[in-house]
Amino acid sequence: MYWVTPRHLAGDDGDLAERMGDVLAGLGWRMWPTSRNTLLYVSPDELRGAEWILAAYPFELGGLSVAWQLSARSHVTSAMIEWNAYFTAGVPHEALADLLVAIDAREACGVGFEGPERVLTALSAQGWLRDVDRPRTTATDPGFSCTVSLELLPPLIQDADPRPEPVGWQAWSEPILGAPYLWCAGFSASVPHDLVAAFASSLASPVPVPRRNLPQCTEGRLSVVHRN
């Protein structure tokens, strides 16, 4: 067992589905297997959903298959999904778990009153650097291997906002410039900024995380703080 930093380069230890399943079960979310070989979790108030969709191979972010889709709606009787968030395998499960806890604790997941500065402030508080050219929309870790940015969304990111060319938060880890990404995440336009901030703050946390397996692409970039 290794205890490593930084978190955004630690990977998911190969058990992202199981870790998130445990978190959701602990929050009291119910789970059903679907005919698409996915696992669908629904919150007790039936307003929030989380689905492990890797087996369904829905689409890719940054060349990586999406593994988790989170969603929220305003009313139980509404078929309209307010927003979605998507995560590939490899994303640190601690950051995704902290986001799920924040989603579960939020009384109205479809309403957000805080602006994008909330996300950037959360990252700056952990020592991340604002982009010189885009200081109000983009921040990068001090090692320049992970970026969180508010920008035009790629195709297939679904949201209730009908406006053309929507913008939303995207995050990705690129341990080696020009090499494949370690993981990617995409938040649709209507995801409240404080929820994205919960993910970003956990992602940038300097607290070491335990891993049994370390991503090969982070060799030389990942620091082992302690080894059991």
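The values are calculated or read from the model by the stated rules, or taken from the named source; none is laboratory data. Because the structure is a prediction, the values reported are computed rather than measured. Don't worry about glycine lacking a Cβ; one is built from the backbone with ideal geometry, like all the others, and counts go over all protein chains shown. With ligands, DNA and RNA removed, areas are computed over all heavy atoms of the protein, side chains included. Shrake-Rupley method; radii C 1.70, N 1.55, O 1.52, S 1.80 Å.
Couple of notes before you dig in:
- Selection count, region 97-115, where residues are at pLDDT below 95 and touching a helix residue (DSSP H, G or I) at 6+ places or on another chain (Cβ under 8 Å): 5
- Residue in region 135-147 that is modelled with pLDDT of 95 or more, aromatic (Phe, Trp, Tyr), assigned to a helix (DSSP H, G or I) and closer than 28 Å to ASP15 by Cα present: no
- Remark: pairs (first residue in region 172-184, on the phi < 0 side of the Ramachandran plot; second residue modelled with pLDDT of 95 or more and among the acidic types (Asp, Glu); Cβ separation under 8 Å; 6+ apart in sequence or on different chains) = TYR181/GLU174; LEU182/GLU174; TRP183/ASP12.
- If the condition is being open to solvent by less than 70 Å² (accessible area, probe 1.4 Å) and of a type in the set (Lys, Arg), then region 155-213 contributes only ARG211.
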